[in-house]
Amino acid sequence: DASHTRTRGGMGLGLALTHRLAEQLHARVTVASQLGQGTTFTLELPLSGAQPENDGRLDAISVLVVDDESSVRRIMARTLSRTGAVVTEADSAQAALTALSDGSAMDVVVTDISMPGMTGIQLAEALQTRGLRIPVLFVTGAELDSHDHARIRALGGELLTKPFDTGGLARAVRALLG
C-alpha cells in the first residue's frame, strides 16, 4: 500500500501495540473520528496506586512463591500481595518443602522451574509424594521440552511463561484455583 506509513517504513503495529500496552496498564484507549476532520486517540490511565479490576483479586489466598532469584521472587511476591494474597517466600525448593513441613498451609505454590538443586517440577512431585495436594503454577523463561510439559500436565499444574505482566500472574493464580 502507498500510504504515508508504508512509504516511511512503518509496520502498521502502532495501534495494536498501544492496545496491548493499555491492557497491561489497566488503561483504556478510545477513538473519535470525523471524516475530513481527523482522528483523535485517547489513552486513559488509572491513577497511581489504583487496583486492577476485582476479578484479579486474591484476597486471603495463601501463596508460596519459590524462586532462587531474589529480585524475581520479590517482584512476584509484591505483585501477589497487592492483589490481597498472603504471600510466603522461599529461595529454593528445599526451603519450600521445609516451610510446608512446618505446618504452613498454602492454597497455591508459584514456583520457578529452573532452580539449582531441585527444580520446580521436582518440588511439585515431592509435594505429591508427601500427600500435599497443592495446586502449582510453574513459571519459566526457558523453552521446555515435551517431557517437561507432560510432567506439568500430570501434576495438574499450569505454566506461565516469562515475561508476563503483573496482572497475568494474578489471573494465572486465580485460574489455577478455579
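Total residues in the stretch 106-129 satisfying the condition of being over 21 Å from residue 77 (Cα atoms), of a type in the set (D, E, K, R) and open to solvent by less than 50 Å² (accessible area, probe 1.4 Å): the figure is 0. Taking the criterion of being closer than 19 Å to residue 120 by Cβ and surrounded by 17 or more Cβ atoms within 10 Å (Cβ to Cβ), the residues of the stretch 69-87 that qualify are 73, 76, 77, 79, 80, 85, 87. Quick one: would you say residue 61 is more than 22 Å from residue 178 (Cα to Cα) and modelled with pLDDT of 90 or more? No.
The values are calculated or read from the model by the stated rules, or taken from the named source; none is laboratory data. None of the values given here were measured: they were computed from a predicted structure. All Cβ positions, glycine included, derive from the backbone under ideal geometry; neighbour counts span all protein chains shown. For the accessible areas, the whole protein counts, side chains as well, though only heavy atoms, and no ligand, DNA or RNA atoms are used. Shrake-Rupley method; radii C 1.70, N 1.55, O 1.52, S 1.80 Å.
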